[in-house]
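Structure record follows, encoded as structure tokens.
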Amino acid sequence: MIKLNFHPTGRHFLQIPGPSPVPDRVLRAISLPTIDHRGPEFAGLGRKVIDGMQVIFKTKQPVIIYPASGTGAWEAALVNTLSPGDHVLMYETGHFAFLWNKLATRLGLKTEVLSFQGHDDQLPDLAGWRRGIQANQIHDRLVQDREHRIKAVCVVHNETSTGVTSDIPAVRKAIDDAKHPALLMVDTISALGSADYRHDGWGVDVAMAASQKGLMLPPGLGFNALSARAIEASKTAKMPRAFWAWDEVIEMNKGGYWPTTSSTNLLYGLSEVIDMFAAEGLDAVFARHQRWAAGVRAAVTAWGLPIQCADPSVYSPILTGVITPVGVDADEIRKLIQHRFDLSLGTGLGKVKGRMFRIGHLGDSNDLALLATLAGVEMGLKLSGVKLAGSGVQAGMDYFSNGS
Ligand code: PLP
């Protein structure tokens with residue numbers, strides 16, 4: 001029998017880039033008694049979380065909340081706006097961009113995937129998984145598409161498999177400069193709530209998010225933020241859809257309800273997160289993540305290990321990818337650290353499996369939790385025989401003890 005209640009003493013260190021640690025205050029809110037999702041009290045909760053998510057997405061347009069993971073939000077974005085056989089332009093920045101392409105292909109869309117074409121001296125085969133989107137490639141491809149066959153440009157804001165972000169306004173500009181009508185779809189699944197995201201300001205048509213990352217909730221909620229153009233497109237889009245269909249949700253949401261049974265208790269948690277973000281201020285939340293990320297990078301640099309992201313202008317505030325030396329299996333180090341120190345790190349996904357691990361710095365955390373994480377990683381690296389240039393923990397302490 002699986003012992004689900006097994007826990008060593010003390011808190012588990014959940015340092016994967018989502019699901020992220022959930023604040024106690026949010027867990028307590030989730031534990032409130034479940035109410036009638038068609039009853040009078042529920043409408044207030046429903047409206048509050050929809051309005052609150054518009055603030056977090058920075059949009060005045062509808063936000064759809066599904067009882068789903070991020071993959072559901074991906075599918076919802078595509079099936080609501082496109083028709084079978086439509087052409088979609090994607091950009092491979094890592095494993096999640098790859099998976100979104102796979103999903104689109106399975107839905108019957110014709111995808112074309114761009115990727116970074118430059119070189120990387122340090123890690124030649126990972127060149128494209130170390131950098132953000134090069135918006136000029138999107139521009140050039142759209143200019144060639146004179147018949148406007150491409151119906152959507154799909155990009156990932158924070159590539160969770162690599163620790164690299166992409167410049168979404170640059171992608172918007174590339175589409176506008178090419179005078180192309182394609183919809184802009186942005187996966188901000190691991191960025192929303194941790195990194196600045198401006199749905200209306202950046203001119204995004206459909207954005208996807210999920211509860212278990214920057215929103216500091218357990219997995220189980222998926223989001224679509226829409227634009228007027230996306231809603232217009234949904235009126236003629238022919239992809240089959242029922243559960244994911246926006247129209248019924250938008251209609252029912254006006255009164256604070258959903259057409260299907262809502263994740264009531266997760267919505268209690270979401271309501272609490274909305275209050276927490278409002279009290280702290282979104283800019284302070286983003287600055288906190290930038291600071292944590294810089295402290296973690298100072299440690300990785302002191303160890304003398306390469307950070308997977310090769311372009312400092314697009315370092316992720318959410319996670320840091322750490323490349324292990326040739327011949328050292330990153331997954332063995334991860335397993336050892338989990339076993340010895342009860343610390344979970346993110347595994348290398350797809351083509352970086354065994355070559356890197358990911359340190360998440362999102363969710364309910366603070367300087368000392370991150371220093372303990374760095375200590376666990378440093379001990380694990382040493383126990384695995386990895387030669388370190390210096391102490392990452394010391395570098396982290398120096399970073400976190402300086403300034404505010
Ligand atoms: N997109 C990104 C950037 C992600 O990080 C993830 C999950 O980690 C997904 C999509 C898929 O979301 P889920 O696993 O919640 O279905």
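The values are calculated or read from the model by the stated rules, or taken from the named source; none is laboratory data. Since the structure is predicted, the reported quantities are computational estimates derived from the model, not experimental observations. Note: ideal-geometry Cβ built from the backbone for every residue, glycine included; neighbour counts use all protein chains shown. We work out accessible area using only protein heavy atoms, side chains counted, and drop any ligands, DNA or RNA first. Shrake-Rupley method; radii C 1.70, N 1.55, O 1.52, S 1.80 Å.
Which residues' amide hydrogens lie under 5 Å from the amide hydrogen of L109, considering only partners 5 or more residues apart or on another chain, with H built in the peptide plane?
G85
Looking at the square roots a ≥ b ≥ c of the eigenvalues of the Cα gyration tensor of region 276-404, which shape do they give, rounded for a/c under 1.5, prolate if a/b is larger than b/c, or oblate? All intermediate terms of the calculation are to be shown ahead of the outcome.
Numbers: a/c = 1.71, a/b = 1.59, b/c = 1.08.
Here region 276-404 falls in the prolate category.
What is the pair-distance distribution P(r) of region 240-344, computed from all Cα-Cα distances in 10 Å bins starting at 0, with each bin given as a whole percent?
Pairs per bin, as whole percents: 11, 23, 23, 23, 17, 3.
Given R₀ = 25 Å, what would the calculated FRET efficiency be for D24 paired with A242, taking r from the Cβ atoms and rounding to 0.05?
Working: r = 38 Å, r/R0 = 1.52.
The formula returns an efficiency of 0.05 here.
Would you please give the residues with an amide H less than 5 Å from that of H157, counting only those at least 5 places away or on a separate chain, with H modeled from the backbone geometry?
Distant-sequence amide H within range of H157: D187, T188, I189.
Measure up K213/K235; K58/K151; K48/K151 against 27 Å on the Cα-Cα distance and list the ones that go over. Write out the running numbers ahead of the final one.
Numbers: K213/K235 31 Å; K58/K151 24 Å; K48/K151 33 Å.
Among K213/K235; K58/K151; K48/K151, the Cα-Cα distance tops 27 Å for K213/K235; K48/K151.
Can you bin the chain into rounded, prolate or oblate? Criterion: square roots of the alpha carbon gyration tensor eigenvalues sorted a ≥ b ≥ c, rounded for a/c under 1.5, prolate for a/b above b/c, oblate for the rest. Write out the running numbers ahead of the final one.
Numbers: a/c = 1.91, a/b = 1.22, b/c = 1.57.
Since a/c reaches 1.5 but b/c is at least a/b, the shape of the chain is classed as oblate.
Rank V204, V143, V296 by mean-square fluctuation in a GNM of the chain with C-alpha springs under 10 angstrom and give only the top-ranked residue.
V143
Please give the length that would be gained between D331 and N366 if that part of the chain were fully extended, namely 0.36 nm times their separation in residues minus their C-alpha to C-alpha distance (nm, one decimal). Don't skip to the end; give the middle numbers.
Values: separation 35, 0.36 × 35 = 12.60 nm, distance 2.57 nm.
Taking 0.36 nm per residue and subtracting the Cα distance, the gain is 10.0 nm.
Would you be so kind as to identify which of T93, F116, L103 lies farthest towards the positive end of the dipole of the chain, taking Lys and Arg as +1 and Asp and Glu as -1 on Cβ and the Cα centre as origin?
L103
With a ≥ b ≥ c the root eigenvalues of the C-alpha gyration tensor of region 51-198, is it rounded (a/c under 1.5), prolate (a/b larger than b/c) or oblate? Don't skip to the end; give the middle numbers.
On the way: a/c = 1.42, a/b = 1.15, b/c = 1.24.
Because its axes are fairly even, with a/c under 1.5, region 51-198 counts as rounded.
So for the chain: antiparallel DSSP bridges make up what percent, rounded to the nearest 5? All intermediate terms of the calculation are to be shown ahead of the outcome.
On the way: 18 of 39 bridges.
The answer is about 45 percent antiparallel.
Taking +1 at the Cβ of each Lys and Arg and -1 at the Cβ of each Asp and Glu, which of Y399, G321, L371 sits farthest along the dipole of region 314-404 towards its positive end, judged by Cα position relative to the Cα centre?
G321
Filter the chain for me: DSSP H helices, axial length by Cα at least 15 angstrom, mean Kyte-Doolittle hydropathy not below -1.0. List them by residue number.
Working: long enough: 40-57 (27 Å, 0.49); 70-81 (17 Å, 0.27); 95-106 (16 Å, 0.01); 264-280 (24 Å, 0.66); 282-303 (32 Å, 0.24); 330-341 (16 Å, -0.77); 367-383 (24 Å, 1.29).
Once both thresholds are applied, what remains is 40-57, 70-81, 95-106, 264-280, 282-303, 330-341, 367-383.
When ranked by the protection proxy of mean other Cβ atoms within 10 Å per residue, highest first, what sequence do the peptides 298-308, 228-238 form?
Working: 298-308: 20.9, 228-238: 15.5.
Most protected by this proxy first, the peptides run 298-308, 228-238.
What is the dipole size for the chain, taken about its Cα centre, with +1 at each Lys and Arg Cβ and -1 at each Asp and Glu Cβ, in debye to the nearest 20? Mind showing how you got there, number by number?
Numbers: 40 positive and 39 negative charges, 99 e Å.
Computed charge dipole of the chain: roughly 480 debye.
At a 1.4 Å probe, what is the % contribution of carbon and sulfur to the accessible area of the chain?
After summing per-atom areas, the C and S share lands at 56 percent.
Report, in deg cm²/dmol and to the nearest 500, the calculated mean residue ellipticity at 222 nm for the chain, where each DSSP H run with n ≥ 4 adds -39500 (n - 2.57) and the sum is divided by the residue count. Don't skip to the end; give the middle numbers.
Details: 13 runs with 164 residues, N = 404.
For the chain, the value works out to -13000 deg cm²/dmol.
Given labels modelled 7 Å from the Cα in the Cβ direction, how far is it in nm from K382 to K254?
6.5
Could you tell me what a quarter of the Cα convex hull surface of region 90-133 works out to, in nm² with one decimal place?
Values: hull surface 12.1 nm².
Mean projected area for region 90-133: 3.0 nm², to one decimal.
I'd like the Karplus ³J(HN,Hα) series for region 185-198: coefficients 6.51, -1.76, 1.60, θ = phi - 60°, whole numbers in Hz, and an x wherever there's a Gly or Pro.
In residue order, the calculated couplings are 10, 10, 7, 10, 4, 9, 9, 4, x, 10, 10, 4, 9, 10 Hz.
Which one, L217, L142, L78, is farthest towards the positive end of the dipole of region 24-279 when Lys and Arg carry +1 and Asp and Glu -1 on their Cβ?
L78
Which whole-Hz couplings ³J(HN,Hα) result when phi for each residue of region 148-154 is put into the Karplus expression 6.51 cos²θ - 1.76 cosθ + 1.60, θ = phi - 60°, listed in order with x for Gly and Pro?
With the stated coefficients, region 148-154 comes to 6, 6, 6, 9, 8, 10, 10 Hz.
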